[in-house]
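Accompanying notes for the structure given below.
The values are calculated or read from the model by the stated rules, or taken from the named source; none is laboratory data. A quick note: this is a predicted structure, and the numbers were derived from the prediction, not measured. Backbone-built Cβ (ideal geometry, glycine too); neighbour counts: all protein chains shown.
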Amino acid sequence: MDGYSNGYRRARGGELMRAEILPDVFAEGLHRNPDGVAVREPGTEITYRKLNHLTNRLARALLQRGVAPGDRVAIWLPKSINAVAAMQAVLRVGAAYVPVDPLSPTARAREVISDCEPSVCVTEPDRAAVALSPVGPVRRLLLGEGVPGFDDSTPAAPIPRAPVTRDSLAYILYTSGSTGRPKGVCISHRNALAFIEWAVAELEPKPTDRLSSHAPFHFDLSILDLYVAFASGACVSLIPEGLSFVGPRLVEFVRRERITIWYSVPSALAMMMDDGGLLETGPASLRTILFAGEPFPVVALRRLRAAFSGVRMLNLYGPTETNVCTYHEVIGTPGEHAAAVPIGRACSGDRVWAVKDDGAEAEIGESGELLVDGPTVMLGYWGRPAHRGPYHTGDIVQRLDERNYAYLGRRDAMVKIRGHRVELGEVEAAVSAHPSVREAAAVAVGSGLQKRLVAAVSFREGSSASLLELKKECAARLPRYMIVHGVRELSALPRTPNGKVDRRALQAICEKEGAR
Amino acid sequence: MTVDQFIEPIRDYIVRHHLDGQADLDRHTPLLEWGVIDSFALTEVLAFVEDEFELAVPAAEMTPENLRDLESIGALLVRLEAG
């Protein structure tokens, strides 16, 4: 048997989770805790048994609409029990789900939906017109209301097991693409299970645990929340989109929901500390805090550590293309002058190493690009040739010792804003769409969790646009975290001798003078 | 106070601190949807409201509906003031 489930076997003393493919993880929760609560959303909750019935009904509705193994099904719903059931139903019929950001502007949602060529889009009536428009190829819809299936968890006959293998596509997550268009990362059942089995072994969740679900479903952090809960029959509490950006409400949520395992980007934790009183009123239920997606500033982590000395803290690392491939456990309080929190060592059965510019592997103390190989490495990008060999992360790391690494920065124009990946080319394309803009370039200014996007813009002769107008232009095309924070007006963008935009000069201009 | 009395100082504050002083913000401009205020800016705006009007917005009222635009923030503050 391949080695990727070793971690799981070790932790459970031989008691294997019976997961051959991803939907088996939910089946495990159903088996362990049928009458326990599986998912909570504000005002309501559902047990494993009822969620299983709801999933079967939805799966049947998908089959009736012609969904076949190998198809894609777009899920464009607010974060909800229904969205969870829809994802599980798609897996159950052997198709792959594609979560579409419920907050993204319709133009972007349409771009994602038309790119993945789904056979069905599961959505709400008021979004249906967009999904069905001539631009999108979706001809069949499953609506969230008024259709038998949703909100009906009376017993339903099980669905025959679909003919899929571990190497079949399980889901596609769209991330910002360097070409100016979002790109779909294709994850197989094997990819997802390798990570989930590691996470379950490491976190040892119990049916009494309550996991937070802070990340939206189109963001890879959500995989841990859902499937680690399901693997153990624990409960996952969904944080609706509208709540996830307000510190005091998040702290209130943790306390009210008695969350035991919290997972989010460091920005969210910083918000909870700075505005929500997390440290002063530390919820006693927390036993594990996980963070990923961006470096956690040591100063902030020291405060968190001091307030929650008995809580286990793990820094997880990995691009969407590899899920979580390294981790570092924060033991004790990092020193006052400590450098960044390490991303640590390989996990999920993966192998990681750093390669220098000359192609040689980095020695201890040296830095290079981090490469990842192993069971979590994606199948490839949707619509492009299959990925082969190790994945080149584009992240520059320093090798700290034999096995551990620290993140130093990027080797390309990709930046992270609140843990979200932002390809500056996409931002530039959106700003440039404004009729007054002759050319635009985007840079990220500031550091750490205060990083912000600033666009340097040169306008057409005789015309101009306010910051608000440019924000509006971005909002029509991009997710919210990609909207520019400021604008710096220039008569022309700085160029290098060979005519390319001089990003270093631009960065200096925007850092020095800030936004216009 | 009326909705308008609440809106004007908040509008000035947002324009000065988050829109580079450009005054094209109206009472129906979607603040969150267009990225005029993000989670960090929201904290600052609510701190300003507390200083200016001595009104604290409880966490439970910090919903996307209540913070959608100046109009809805004004309406929320009128409601909070009335107790």
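Before moving on, here are some points about what is shown:
- Qualifying residue in region A:316-331 (condition: hydrophobic (A, V, I, L, M, F, W, C), more than 27 Å from A:His189 (Cβ to Cβ) and crowded, with 16+ Cβ neighbours inside 10 Å): yes
- Any chance A:Arg504 is modelled with pLDDT under 95 and more than 23 Å from B:Asp24 (Cα to Cα): yes
- The set of residues in region A:478-516 being touching an Asp or Glu at 6+ places or on another chain (Cβ under 8 Å) and charged (D, E, K, R) consists of A:Arg480, A:Arg488, A:Arg495, A:Arg516.
- Selection over region A:58-78 of residues that are among the charged types (D, E, K, R), touching a Pro at 6+ places or on another chain (Cβ under 7 Å) and at pLDDT below 95 gives a count of 0.
- The residues of region B:40-59 that are in a loop (DSSP other than H, G, I, E, B) and aliphatic (A, V, I, L, M), listed by number, are B:Leu55, B:Ala56, B:Val57.
- Of the residues making up region A:376-419, just one is within 23 Å of A:Ala194 (Cα to Cα) and assigned by TED's automatic domain parsing to the domain that holds A:Gln450, namely A:Gly419.
- Selection within region A:237-269 - over 21 Å from A:Ile46 (Cα atoms), out of contact with any His (no Cβ under 9 Å at 6 or more places or on another chain) and more than 9 Å from every other protein chain (Cβ to nearest Cβ): A:Pro266, A:Leu269
- Meets criteria (within 14 Å of another protein chain (Cβ to nearest Cβ) and either closer than 22 Å to A:Val324 by Cα or surrounded by fewer than 24 Cβ atoms within 10 Å (Cβ to Cβ) (or both)) for A:Val185: no
- Residues that are in a helix (DSSP H, G or I), more than 12 Å from every other protein chain (Cβ to nearest Cβ) and within 23 Å of A:Ser176 (Cα to Cα) within region A:457-516 comprise A:Arg503, A:Arg504, A:Leu506, A:Gln507, A:Cys510, listed in sequence order.
- Within this structure, A:Leu449 passes the test of being within 13 Å of chain B (Cβ to nearest Cβ), buried (at least 22 other Cβ atoms within 10 Å of the Cβ) and in contact (Cβ under 8 Å) with a residue 60 or more places away in the chain.
- The residue that is surrounded by the most Cβ atoms within 10 Å (Cβ to Cβ), among those in region A:376-413 that are over 21 Å from A:Arg190 (Cβ atoms) and of a type in the set (A, V, I, L, M, F, W, C), is A:Val397.
- The listed residues are B:Ile37, B:Ile14, B:Ile10, and the only one of them that is within 29 Å of A:Gly448 (Cα to Cα), more than 9 Å from chain A (Cβ to nearest Cβ), part of a loop (DSSP other than H, G, I, E, B) and within 11 Å of the chain's Cα centre (by Cα) turns out to be B:Ile37.
- Of all positions in region A:291-305, none carries a residue that is of a type in the set (A, V, I, L, M) and touching a Ser or Thr at 6+ places or on another chain (Cβ under 8 Å).
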